[in-house]
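Colleague: For reference, the structure I am asking about is given below.
Nothing in this text is a laboratory measurement; each read-out follows from the coordinates by a stated rule. Computed from a prediction, not measured in an experiment: that's the story for all the values here. Cβ: placed from backbone, ideal geometry, glycine included. Neighbour counts: every protein chain shown.
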Amino acid sequence: MTDEYQNDADIMEQSLFAVAKADVDITERLYAKFFAAHPEQEASFFHPATTKGQMINEILESLLALAQGEQWVADSIRNHVIAHRSYGDIPFLLYGELLNMLVICLADIAGNRWSIQYQAAWDRQTARLIRIVGDDF
């Protein structure tokens with residue numbers, strides 16, 4: 001883990017506890033926002049009752065692991081991007097938009113428990129993840 005990001009994993013974990021205190025499932029909130037902006041993407045989700053939640057879990061796990069300096073993250077993300085190509089032409093910008101919407105939803109759910117430090121850590125790690133996704137476009 002680089003010094004630049006060493007605290008992000010801890011900060012992000014703390015933020016998830018702040019989100020959990022609201023006892024709100026982020027899944028429906030995130031995908032309602034995403035599909036409102038991109039209704040054409042809804043048809044791409046096979047078995048949405050399971051895939052939407054699984055996708056969020058994988059994103060969160062990847063972002064936290066990235067912040068911890070885990071080496072597997074880049075290969076895993078590249079594999080996901082390649083797998084997503086079988087669902088059709090998903091523009092690069094949608095990946096970043098979904099990641100940013102995820103962070104917005106986390107902040108909205110946490111409400112006044114969300115801090116500037118939480119936002120900064122999530123912003124740094126989502127930017128890193130978006131760069132990894134972009135390597136395959």
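Colleague: May I ask you to compute the full-extension gain from Ser115 to Phe17, defined as 0.36 nm times their residue separation minus their alpha-carbon distance, rounded to one decimal in nm?
Modeller: On the way: separation 98, 0.36 × 98 = 35.28 nm, distance 1.23 nm.
Between Ser115 and Phe17, full extension yields an extra 34.0 nm.
Colleague: To continue, here is another question. Counting only the backbone N, which residues of segment 112-137 are under 12 Å from the spot 7 Å out from the Cα of Phe92 toward its beta-carbon?
Modeller: Within reach of a label on Phe92, which here means backbone N under 12 Å from a point 7 Å along Cα→Cβ, segment 112-137 contributes 130-137.
Colleague: At 7 Å along Cα-to-Cβ for each site, give me the label-to-label distance between Val24 and Glu61 in nm.
Modeller: In this crude label model, Val24 to Glu61 measures out at 2.6 nm.
Colleague: Rounded to the nearest Å, what's the spacing between the alpha carbon centres of segment 12-79 and segment 99-128? Just the number, please.
Modeller: Centre-to-centre (Cα) distance: 13 Å.
Colleague: Would you work out if segment 49-89 is rounded, prolate or oblate? Take a ≥ b ≥ c from the square roots of the eigenvalues of the alpha-carbon gyration tensor; rounded if a/c is under 1.5, else prolate when a/b is larger than b/c, oblate otherwise.
Modeller: Details: a/c = 3.60, a/b = 1.39, b/c = 2.59.
It comes out oblate by the Cα gyration axes.
Colleague: Per 0.36 nm of contour for each residue apart, how much would the distance between Asp10 and Gln68 grow if the chain were fully extended, relative to their Cα-Cα spacing?
Modeller: Extra length from Asp10 to Gln68 when fully extended: 20.0 nm.
Colleague: Against the 2.2 N^0.38 Å scaling, with N counting residues, where does segment 83-137 land? I'd like the Cα-based Rg ratio to two decimal places.
Modeller: In units of the 2.2 N^0.38 Å rule of thumb, it is 1.31.
Colleague: Counting helices only, and only those DSSP H runs with n ≥ 4, report the 222 nm mean residue ellipticity of the chain as the sum of -39,500 (n - 2.57) divided by its residues, in deg cm²/dmol to the nearest 500.
Modeller: Details: 6 runs with 96 residues, N = 137.
Using -39500 (n - 2.57) per qualifying helix, the result is -23000 deg cm²/dmol.
Colleague: If you don't mind, there's one more thing I want to ask. Once you have the alpha carbon radius of gyration of segment 8-134, what is it after dividing by 2.2 N^0.38 Å, with N set to its residue count? Please report the intermediate quantities before stating the final value.
Modeller: On the way: Rg = 14.2 Å, N = 127, 2.2 N^0.38 = 13.9 Å.
That works out to 1.02 for segment 8-134.
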